[in-house]
Amino acid sequence: QVQLVESGGGLVQAGGSLRLSCAASGRTFSNSAMGWFRQAPGKERDFVSGIGSSGRLYYADSVKGRFTISRDNAKNTVYLQMNSLKPEDTAVYYCAASLLPITTMSPTSFPSWGQGTQVTVSS
(Lines give C-alpha, C1' and ligand atoms only; values in the text may rest on other atoms or scores of the structure.)
Protein backbone atom coordinates (compact mmCIF):
# COMPACT_ATOMS: atom_id res chain seq x y z
CA GLN A 1 0.00 0.00 0.00
CA VAL A 2 0.87 3.65 -0.30
CA GLN A 3 1.38 5.82 2.78
CA LEU A 4 -0.28 9.24 2.44
CA VAL A 5 0.07 12.45 4.45
CA GLU A 6 -2.16 15.46 3.75
CA SER A 7 -1.40 19.06 4.62
CA GLY A 8 -2.57 22.55 3.77
CA GLY A 9 -5.96 22.69 5.42
CA GLY A 10 -7.09 25.60 7.54
CA LEU A 11 -9.61 28.36 8.10
CA VAL A 12 -10.40 30.70 5.22
CA GLN A 13 -13.10 33.21 4.42
CA ALA A 14 -15.60 32.57 1.68
CA GLY A 15 -14.09 33.44 -1.68
CA GLY A 16 -10.61 32.58 -0.52
CA SER A 17 -8.20 29.87 -1.62
CA LEU A 18 -6.30 26.98 -0.14
CA ARG A 19 -3.94 24.42 -1.62
CA LEU A 20 -3.95 20.94 -0.18
CA SER A 21 -0.96 18.65 -0.57
CA CYS A 22 -0.77 14.90 -0.29
CA ALA A 23 2.69 13.39 0.04
CA ALA A 24 2.92 9.73 -0.88
CA SER A 25 5.51 7.11 -0.13
CA GLY A 26 6.57 4.41 -2.52
CA ARG A 27 8.21 4.21 -5.89
CA THR A 28 4.97 3.34 -7.68
CA PHE A 29 3.34 6.72 -7.06
CA SER A 30 3.45 7.72 -10.71
CA ASN A 31 1.36 4.65 -11.59
CA SER A 32 -1.23 5.26 -8.91
CA ALA A 33 -4.71 6.60 -9.31
CA MET A 34 -5.13 9.43 -6.79
CA GLY A 35 -8.25 10.96 -5.39
CA TRP A 36 -9.45 13.67 -3.05
CA PHE A 37 -12.57 13.10 -0.98
CA ARG A 38 -14.27 15.11 1.72
CA GLN A 39 -16.52 14.39 4.64
CA ALA A 40 -18.62 16.91 6.51
CA PRO A 41 -20.01 16.12 9.98
CA GLY A 42 -22.89 13.69 9.80
CA LYS A 43 -22.46 13.15 6.06
CA GLU A 44 -20.95 10.49 3.84
CA ARG A 45 -17.48 10.74 2.36
CA ASP A 46 -17.88 12.31 -1.07
CA PHE A 47 -15.67 12.37 -4.13
CA VAL A 48 -14.10 15.75 -4.92
CA SER A 49 -11.45 15.21 -7.58
CA GLY A 50 -9.14 12.55 -8.94
CA ILE A 51 -6.37 11.68 -11.35
CA GLY A 52 -6.42 8.32 -13.07
CA SER A 53 -3.23 6.36 -13.66
CA SER A 54 -3.46 7.56 -17.28
CA GLY A 55 -3.51 11.18 -16.14
CA ARG A 56 -7.17 11.76 -16.86
CA LEU A 57 -8.71 14.30 -14.49
CA TYR A 58 -12.03 13.98 -12.71
CA TYR A 59 -14.07 16.54 -10.77
CA ALA A 60 -17.31 16.53 -8.85
CA ASP A 61 -19.86 18.89 -10.37
CA SER A 62 -19.87 20.96 -7.19
CA VAL A 63 -16.19 21.92 -7.58
CA LYS A 64 -15.76 22.15 -11.36
CA GLY A 65 -14.23 25.46 -12.34
CA ARG A 66 -13.10 26.16 -8.76
CA PHE A 67 -10.79 23.27 -7.83
CA THR A 68 -7.79 21.96 -9.75
CA ILE A 69 -6.00 18.69 -9.11
CA SER A 70 -2.42 18.12 -10.15
CA ARG A 71 0.47 15.81 -9.38
CA ASP A 72 4.22 16.10 -9.25
CA ASN A 73 5.66 12.63 -9.70
CA ALA A 74 9.18 13.85 -8.91
CA LYS A 75 7.94 14.90 -5.46
CA ASN A 76 5.48 12.02 -5.01
CA THR A 77 2.85 14.64 -4.27
CA VAL A 78 -0.66 15.38 -5.47
CA TYR A 79 -2.22 18.80 -4.97
CA LEU A 80 -5.71 20.20 -4.79
CA GLN A 81 -5.89 23.92 -5.51
CA MET A 82 -9.18 25.22 -4.15
CA ASN A 83 -10.36 28.66 -5.25
CA SER A 84 -13.58 30.60 -4.67
CA LEU A 85 -14.23 28.57 -1.56
CA LYS A 86 -17.74 28.41 -0.16
CA PRO A 87 -18.98 27.58 3.35
CA GLU A 88 -20.40 24.33 1.95
CA ASP A 89 -16.84 23.25 1.10
CA THR A 90 -16.19 22.92 4.83
CA ALA A 91 -15.16 19.32 5.57
CA VAL A 92 -12.29 17.05 6.38
CA TYR A 93 -10.46 16.40 3.13
CA TYR A 94 -8.86 13.04 2.53
CA CYS A 95 -6.31 11.92 -0.02
CA ALA A 96 -6.58 8.40 -1.39
CA ALA A 97 -4.51 6.18 -3.65
CA SER A 98 -4.85 2.97 -5.60
CA LEU A 99 -1.98 1.05 -7.17
CA LEU A 100 -4.46 -1.04 -9.12
CA PRO A 101 -6.53 0.23 -12.05
CA ILE A 102 -9.86 1.62 -10.94
CA THR A 103 -13.13 1.91 -12.81
CA THR A 104 -14.89 4.47 -10.67
CA MET A 105 -13.80 7.37 -8.47
CA SER A 106 -15.63 6.04 -5.42
CA PRO A 107 -14.22 5.59 -1.92
CA THR A 108 -14.37 1.81 -2.23
CA SER A 109 -11.94 1.95 -5.19
CA PHE A 110 -9.10 3.28 -3.04
CA PRO A 111 -7.38 1.04 -0.47
CA SER A 112 -4.92 3.66 0.83
CA TRP A 113 -6.00 6.77 2.73
CA GLY A 114 -4.42 9.68 4.52
CA GLN A 115 -5.44 10.92 7.94
CA GLY A 116 -7.35 13.91 6.59
CA THR A 117 -6.97 17.67 6.87
CA GLN A 118 -9.67 20.07 8.06
CA VAL A 119 -10.88 22.81 5.74
CA THR A 120 -13.20 25.41 7.25
CA VAL A 121 -14.73 28.17 5.15
CA SER A 122 -16.38 30.99 7.05
CA SER A 123 -19.18 33.09 5.60
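The values are calculated or read from the model by the stated rules, or taken from the named source; none is laboratory data. Values in this document were obtained by computation on a predicted structure and should not be read as measured data. Note that each Cβ is placed from the backbone with ideal geometry, even for glycine, and that neighbours are counted across all protein chains shown. These area figures cover heavy atoms from the full protein model, side chains too; ligands, DNA and RNA do not enter into them. Shrake-Rupley method; radii C 1.70, N 1.55, O 1.52, S 1.80 Å.
Between L80, L18, L57, L4, the distinction of being under 15 Å from S112 (Cα atoms), under 15 Å from the mean Cα position of the chain (by Cα) and hydrophobic (A, V, I, L, M, F, W, C) belongs to L4 only.
For segment 32-57, a residue qualifies if it is out of contact with any strand residue (DSSP E or B) (no Cβ under 7 Å at 6 or more places or on another chain), modelled with pLDDT under 90 and open to solvent by 50 Å² or more (accessible area, probe 1.4 Å), and exactly one does: S54. Of all the criteria given as (1) aliphatic (A, V, I, L, M); (2) in a loop (DSSP other than H, G, I, E, B); (3) within 16 Å of Q3 (Cα to Cα), the one not satisfied by M105 is (3).
The combined condition, being more than 22 Å from T28 (Cα to Cα) and among the small types (G, A, S), is fulfilled by S62. Within the option set F29, F67, being surrounded by 14 or more Cβ atoms within 10 Å (Cβ to Cβ), closer than 26 Å to S122 by Cβ and touching a strand residue (DSSP E or B) at 6+ places or on another chain (Cβ under 9 Å) holds for one residue only, F67.
Residues checked against (1) closer than 24 Å to Q13 by Cβ; (2) open to solvent by less than 60 Å² (accessible area, probe 1.4 Å); (3) modelled with pLDDT under 95:
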| site | (1), (2), (3) |
| --- | --- |
| M82 | yes, yes, no |
| T90 | yes, yes, no |
| L100 | no, no, yes |
| S106 | no, yes, yes |
| P111 | no, no, yes |
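For segment 45-61, the criterion of being among the basic types (K, R) and without any contact (Cβ under 8 Å) to a residue 40 or more places away in the chain is met by at least one residue. Residues of segment 113-123 that are surrounded by 14 or more Cβ atoms within 10 Å (Cβ to Cβ) and outside any loop (DSSP other than H, G, I, E, B): W113, T117, V119, T120, V121.
The set of residues in segment 1-18 that are open to solvent by 40 Å² or more (accessible area, probe 1.4 Å), more than 18 Å from L99 (Cα to Cα) and part of a loop (DSSP other than H, G, I, E, B) comprises A14, G15, S17.
Of all the residues in segment 70-80, those that are buried (at least 18 other Cβ atoms within 10 Å of the Cβ) and of a type in the set (S, T, N, Q) number 2.
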